[in-house]
Amino acid sequence: MPKNKKPAGGRAQNFEPRYGKKTSYQDAKRRPGQSSAGTPGSKSPSHRGYRPESDEAPRKNRWSAQERAGRDEARGIRSQARDVRGPRDDRAPRDDRRSDAAGGRRPYEAQPRGDRRTFGDARPSYRDDRPRRDFSDRPNRDDRPRRDDRPARSFDDRPRRDDRPARSFDDRPRRDFGDRPNRDDRPRRDFGDRPARDDRPRRDFGDRPARDDRPARSFDDRPRRDFGHRPNRDDRPRRDDRPRRNDGPSRSNWAAETAAKAHQDHVDTVHERLQAEAVDAASVAQASFGDLGLGENIVRQLEALGAASPFPIQAATIPPILEGKDVLARGRTGSGKTIAFGAPLVESILRSQAGKRREFGRSPKALILAPTRELALQIDRTVQAIARSVGLFTTQIYGGVPQARQVGALKKGVDIIIGTPGRIEDLQNQGKLDLSEVQIVVLDEADHMSELGFLEPMQRILRLVQDGAQKLLFSATLDREVAALVDEFLVEPAVYEVAGESQDTSTIDHRVLVLDHRDKAEILNSLVDRDGKTLVFSRTRAYAEMLAEQFEDVGIPAVALHGDLNQAKRTRNLQRLTDGKVRVLVATDVAARGIHVDDIDLVVQADAPDEYKTYLHRSGRTGRAGRTGTVVTLVTRQRRRRMTEMLERAEIDAPFEDVRPGDDLLEEISGRQLSNVDA
DNA sequence: AAAAAAC
């Protein structure tokens, strides 16, 4: 494990910020349809709204870190080190807590479960241990005491909706492109006018001919392939200086791929650049965050977050980002990408604001975009902590929650916006968000943000930002798919990746179970009936929901995470897994990318993914920061061939094993992790 | 084809 030099600082991304004093503001969670709204929990165990008295006190912890952070943000409250649980020290103790709360491992049958969950929001019934769950939706009740201090906020913002001008996509700016012939040949066209071109060696637009042959963009081919034929070779001179390169296994793989699939075009260029820089990353691995150019406060905060010294991807990207370059970076899952862009972003904004007053109502100077709300929340947890260490403010702008709080924060003035495309565009169109002063834009999961449904919104947003703004694109699977954005918005981007990050050096153990469809349910039950945290992926929302119910039916506490749930439930269910209140989360691909939960040691793909990139991202929910983890993919016999091909594209070696209910193999997989006693 | 992202 070359790049995991400091697994110690490992979970840098999962720390929780210190929360300021909590306020009782909870309108975001209260739902109109909530039946018990306003009344205290029932004293009767049989009542749907039952809430044991003993829950009262501890209940406060129910608020998720992000909710609290968001609330504080809105109220402009400074954090006060009142952490109930330290940033990352909560991990160890949490396990213990878990076993208590969950009652330890129990066989399916053993689980006493009250009435079947009624589906609405509350499926409290079966979990004796967690009655308050239902209340989650209505936070108010519980913490009500606080209400006193703080007037409850009601959806005052709601009304605005009306005044809100409808968003019409028609007026989109991109029209300009009309003149560009490019779409087809798109990439180079732009560069033609751009001066950058000249100095920019890696762009091999010249050879682009490849494009032609490759009319359809296939996502299948991974990006790296490209490197093989990349013309860049020219700039390669650097390689000499950096020895690492050679060792980088990834390189050779790419070369091989390239040879096999030389049809790729411009993207290749980008990638090539990556390799070259990768060497650098390694060479600077010994540098400290301070050496890389970050200020004292930020360095101290990073340390508090568990990031004592920079990971390779961080060492590689921080300097160029501080220099103001546009950067493309690829670092495999769990390699510390959030800090890689978050820390230098804060440092840069800080420098640009040096000597200036923090004015009320100032427009945001940086924008960080993510594909899902959960990821946006998670990124904010890291970036907000860093930003606040130097007096800068962040706010989350994403959908599914009332706008009021977000708009309120914007009115006061924030420095960094972290959010999802839809709401950002929405508020911008309403005139409540001014992006004209944005100096740095980050696209996390950039390749995903360049896919069909995301590309146009991203283009519209980027066009609202001043031309000179710095652009940073990050992803574990960065490939040519980002070309559409790179070509239009980036100038001479530097590309980075960490050498040696091949799947061979991964800490993830991959296996494929071949089964009969009729045995699937039973086999899944066996796999998730374990002590460690398990993340199960399904292809559809309906199946995710169904599986969660199925697991609960056999006594295995489980929650679901997918787009059919309201944001409160999504946030809460993910938090439950993070807290360890449940050890099984069944999710759609909404949780495939970026989400970091410590200690997920088993990822089960109830439905095999269709794309190798999806496979890599889902797998990446485990084995983070050098930890070990297992990924099990269930396939029927008919799908073996497809699965084999996909694994090849992902460059993953995984044994295929036939399995039937009751096989020891299942126990081995499910029990092997963690403190298993059966072993 | 599904999922995600605004209301």
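The values are calculated or read from the model by the stated rules, or taken from the named source; none is laboratory data. Note that the coordinates shown come from a computational prediction; the quantities given were computed from them, not determined experimentally. Counting neighbours? That spans all protein chains shown, and the Cβs are built from the backbone with ideal geometry, glycine included. Note: areas computed on protein heavy atoms with side chains; ligands, DNA, RNA excluded. Shrake-Rupley method; radii C 1.70, N 1.55, O 1.52, S 1.80 Å.
Cα-based values for segment A:518-590, radius of gyration first and Dmax second, are 11.3, 34 Å. Extents of segment A:520-642, taken as max minus min of Cα coordinates on every principal axis and listed largest first, are 39, 34, 27 Å. The C-alpha atoms of segment A:298-373 occupy a region whose extents along the principal axes are 38, 29, 26 Å, arranged from largest to smallest. Most tightly packed first, judged by the mean number of other beta-carbon atoms within 10 Å of their residues, the peptides A:653-661, A:564-572 read A:564-572, A:653-661.
So what's the net charge close to residue A:446: Lys and Arg +1, Asp and Glu -1, counting the other residues with Cβ under 14 Å from its Cβ? Local net charge: -4.
If I take R0 = 25 Å and measure r between the Cβ atoms of residue A:323 and residue A:412 in this structure, what FRET efficiency does the formula 1/(1 + (r/R0)^6) give, to the nearest 0.05? Can you show the working numbers first?
On the way: r = 31 Å, r/R0 = 1.25.
Between residue A:323 and residue A:412 the formula returns 0.20.
Rounded to two decimals, the Cα-based Rg/Rh of segment A:331-493, with Kirkwood Rh, is 0.93. Taking amide hydrogens as placed 1.01 Å from N in the peptide plane, the amide H of residue A:534 sits under 5 Å from those of A:584, A:585, each at least 5 positions away in sequence or on another chain. For the pairs A:533/A:613; A:365/A:613; A:432/A:471; A:337/A:613; A:356/A:471; A:411/A:471, flag any whose C-alpha to C-alpha distance is greater than 21 Å. Check vs 21 Å cut-off fails for A:533/A:613; A:365/A:613; A:432/A:471; A:356/A:471; A:411/A:471. Gap in Å between the Cα centre of segment A:490-542 and the Cα centre of segment A:358-420? Result: 31 Å between the Cα centres. Label sites at residue A:297 and residue A:664, each approximated as a point 7 angstrom past Cα along Cα to Cβ, lie 6.0 nm apart. Give me the net charge of residue A:290's neighbourhood, meaning all other residues with Cβ under 14 Å from the Cβ of residue A:290; Lys, Arg count +1, Asp, Glu -1. Charge balance near residue A:290 sits at -3.
Net charge within 10 Å of residue A:539 by Cβ-Cβ distance, Lys/Arg positive one each and Asp/Glu negative one each, not counting residue A:539 itself? Numbers along the way, then the final one.
Details: positive: A:541; negative: A:589, A:607, A:610.
After counting each charged neighbour, the total is -2.
In sequence order, segment A:561-577 has phi-based couplings of 9, 6, x, 8, 8, 6, 4, 4, 6, 4, 4, 5, 5, 5, 4, 5, 6 Hz under the Karplus curve 6.51 cos²θ - 1.76 cosθ + 1.60, θ = phi - 60°, and Gly or Pro positions carry x.
Hey, got a sec? Which trypsin sites (Lys or Arg not before Pro) in segment A:522-568 land in a DSSP loop and have at most 16 other Cβ atoms within 10 Å? List each step's numbers first, then the result.
On the way: sites: A:530, A:533, A:539, A:541; in loops: A:530, A:539.
Sites meeting the loop and neighbour criteria: A:539.
Peptides A:622-628, A:469-475 ordered by packing proxy, namely the average of other Cβ atoms within 10 Å per residue, highest first: A:469-475, A:622-628.
Going from most exposed to least, what order do A:543, A:398 have by accessible area with a 1.4 Å probe?
Per-residue accessible area, sorted high to low, gives A:543, A:398.
Given the Cα-Cα distance of residue A:637 and residue A:286 and 0.36 nm per residue of separation, how much length would full extension add, in nm? Walk me through the numbers before you get to the answer.
Working: separation 351, 0.36 × 351 = 126.36 nm, distance 4.81 nm.
Extending this stretch completely gives an extra 121.5 nm.
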